[in-house]
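The values are calculated or read from the model by the stated rules, or taken from the named source; none is laboratory data. Fair warning: this is a prediction, and the values are worked out from it, not measured in the lab. For neighbour counting, all protein chains shown are included, and Cβ atoms are generated from backbone atoms with ideal geometry for every residue, glycine included. For the accessible areas, the whole protein counts, side chains as well, though only heavy atoms, and no ligand, DNA or RNA atoms are used. Shrake-Rupley method; radii C 1.70, N 1.55, O 1.52, S 1.80 Å.
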Amino acid sequence: RPRPSLPAAVVGAGLGGSAVAYFLQQHFGPQVQLDVYEPVGVGGRLATVTVNKQQYESRGASIHALSLHMQDFVKILGLKHRREVAGKSAIFSGEHFVLEETDWYLLNLFRLWWHYGISFLRLQMWVEEVMEKFMRIYKYQAHGYAFSSLEELLRSLGGDAFINMTQRSVAESLLEVGVTQRFVDDVIAAVLRSSYGQSVLVPAFAGAMSLAGAQGSTWAVEGGNKLVCSGLLKLTKANIIPARVTGISLHSSEGRALYQVHYEGSEGQGSAFYDMVVVTTPLHPSRSNFTFENFEPPIPDFPGAFQPSVTSVVHGYLNSSYFGFPDPKLFPFASILTTDTPDLFFNAMDNICPVNISAAFRRKQPQEAAVWRVLSQQPLDKQQLKTLFRSYYSVQVTEWQAYPRYDAAKSLPPIVLHENLFYLSGVEWVASSMEMIAVAAKNVALLAYNRWHQDLEKIDQKDLMHKVKTEL
């Protein structure tokens, strides 16, 4: 008989934690009693900064149009898409612009063709093929299927080809389908520097997801993307405990595993017992000093490192002469990506709009003081700020371990750490985006549910496309 209640803990209240709490409650119903541990604040990396009484996204800024779980969250929570404010992009090499966007779609296509031949068409076909297969996950999840490892999940979507895409670089894969080296060096490198802060050596799957985001239309949540996290937690009525989890130890009760979660808050140390735990914060040594006790065999270490990233939100006057425009009035771009050039000290910068955009809002003219978000690997020094800005009112710097260092890991982390102990953040080693985390959250919730009810027919099934079609 199922127990009358199922005490469950979720470690972390970023998007992964809030989404998994929502999905667990969706599947288990009122039976599940959720405690969510979060030491810093709901939202995790979805954070905002305030400039002149207006809030701006400092990190996870845009969501791809095909992000179906994120679209659902916005609908369920009654949130809105933020109004789009058009702006042109360009790619800068440190000396000149290698590619500039215009207001004319056909002219943009002509320029791409003129510079790179049909490379951009080959890229598009490659990305579309990956995305088409990836979209199968929504069908599987709608039918209640789950996967006990990232490898099984990838294999069910794209066979061994998807597994291989986590082990070879995006550059290698694109050159193989006929994309030119010049296109890889100019365009692909710029996109990956702005999204992951890394080079074209990132694995092909992570690269494809990032390039899909750069190609397709994107959106953001009116009022800030972090509203999705606070909204989902409110909806689940989860109990939020403002404390940092320091470790988990295993006990047993009536032949079933029982997990003791140890935590540290402003009122000192404490612990609580749970039937189920989902860890949504990274367990890699550079990110946490988490301990696991009494597990036999012991839970292994998580190899790999994280890529440091710095976001500087600068309110000031752009130094357009550095980009070859002595007259600031003539500077046409709202977003600047950069190629992988040794002397370039920043990865990308964009003229950002506040999280609340009124109908009367207009983007600042290039000669006016605007709010720019600059992404770099190291904090910008005074000289570098002077290079990018004629003068500025304020600079707000956020340093964070943003994304996995994709060249640092040889294998993907596990999802199941023990009977009812799950790890969600490992999905970032496949690809890191809001939607990937939401997909992983749904998978963990389904996996937990199917394992709890011994419904093994719904876990790691082969030939799922055929099964789903026959179920339909």
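Name every residue in the stretch 265-291 that is at pLDDT 95 or above and part of a strand (DSSP E or B), in order of residue number.
Matches in the stretch 265-291: Gln269, Gly270, Ser271, Ala272, Phe273, Tyr274, Met276, Val277, Val278, Val279.
Of all residues being open to solvent by less than 80 Å² (accessible area, probe 1.4 Å) and more than 23 Å from the chain's Cα centre (by Cα) in the stretch 119-134, which is nearest to Ser89 (Cα to Cα)? Just the residue, please.
Phe120
So, in the stretch 108-118, exactly how many residues are under 14 Å from Ala90 (Cβ atoms) and either open to solvent by less than 70 Å² (accessible area, probe 1.4 Å) or β-branched (Val, Ile, Thr) (or both)?
Count: 3.
Exactly one of (1) open to solvent by less than 30 Å² (accessible area, probe 1.4 Å); (2) aromatic (Phe, Trp, Tyr); (3) over 30 Å from Pro7 (Cβ atoms) is unmet by Phe302. Its number?
(3)
Out of the residues in the stretch 321-357 that are of a type in the set (Asp, Glu) and open to solvent by 50 Å² or more (accessible area, probe 1.4 Å), which is farthest from Val374 (Cα to Cα)?
Only one residue tops the list, namely Asp327.
Would you pick out the residues in the stretch 135-178 that are in contact (Cβ under 8 Å) with a residue 40 or more places away in the chain, open to solvent by 40 Å² or more (accessible area, probe 1.4 Å) and hydrophobic (A, V, I, L, M, F, W, C)?
Within the stretch 135-178, Met135, Val177 qualify.
Look at the stretch 306-338 and say how many of its residues are part of a loop (DSSP other than H, G, I, E, B) and among the aromatic types (Phe, Trp, Tyr). Break it down into steps so the answer makes sense when it comes.
First, the residues of the stretch 306-338 that are part of a loop (DSSP other than H, G, I, E, B): 319, 324-327, 331-332.
Adding the requirement that they be among the aromatic types (Phe, Trp, Tyr) leaves 325, 331.
Result for the stretch 306-338: 2.
Given the structure, is Met434 open to solvent by 10 Å² or more (accessible area, probe 1.4 Å), more than 25 Å from the chain's Cα centre (by Cα) and of a type in the set (A, V, I, L, M, F, W, C)?
Working: open to solvent by 10 Å² or more (accessible area, probe 1.4 Å): yes; more than 25 Å from the chain's Cα centre (by Cα): no; of a type in the set (A, V, I, L, M, F, W, C): yes.
Taking the combined requirement at face value, the residue does not satisfy it.
Could you check how many residues of the stretch 210-236 are open to solvent by 10 Å² or more (accessible area, probe 1.4 Å) and farther than 18 Å from Gly14 by Cβ?
So the count comes out to 9.
Let me spell it out: the conditions are (1) in contact with a Lys or Arg (Cβ under 6 Å, 6 or more places away or on another chain); (2) open to solvent by 30 Å² or more (accessible area, probe 1.4 Å); (3) not β-branched (Val, Ile, Thr), and Gln181 meets all of them except one. Which number is the exception?
(1) is the only condition that Gln181 fails.
Say whether the condition of being without any contact (Cβ under 8 Å) to a residue 40 or more places away in the chain and either buried (at least 24 other Cβ atoms within 10 Å of the Cβ) or within 18 Å of Glu222 (Cα to Cα) (or both) is met by at least one residue in the stretch 21-37.
no
In contact with a Leu (Cβ under 7 Å, 6 or more places away or on another chain) and buried (at least 22 other Cβ atoms within 10 Å of the Cβ): does that describe Ser195? Explain how you work it out, then say what you get.
On the way: in contact with a Leu (Cβ under 7 Å, 6 or more places away or on another chain): no; buried (at least 22 other Cβ atoms within 10 Å of the Cβ): yes.
Against the criterion (in contact with a Leu (Cβ under 7 Å, 6 or more places away or on another chain) and buried (at least 22 other Cβ atoms within 10 Å of the Cβ)), Ser195 does not qualify.
What number of residues within the stretch 44-56 satisfy the criterion of being at pLDDT 90 or above and either in contact with a helix residue (DSSP H, G or I) (Cβ under 9 Å, 6 or more places away or on another chain) or charged (D, E, K, R) (or both)?
Looking only at that region, the number is 1.
Residues that are in contact (Cβ under 8 Å) with a residue 60 or more places away in the chain and open to solvent by 40 Å² or more (accessible area, probe 1.4 Å), at least 1 per element: which strands (runs of 3 or more DSSP E) completely within the stretch 45-99 meet that? Don't jump to the end; show me each part of the working.
On the way: elements: 48-51, 54-57, 88-92.
Result: 54-57, 88-92.
Check every one of the strands (runs of 3 or more DSSP E) wholly within the stretch 362-453 and list those with 1 or more residues that are farther than 24 Å from Gln55 by Cα and of a type outside the set (Phe, Trp, Tyr).
389-404, 416-418, 421-423
Given the criterion under 26 Å from Ile437 (Cβ atoms) and in contact with a Pro (Cβ under 8 Å, 6 or more places away or on another chain), identify the matching residue among Pro30, Pro39.
Pro39
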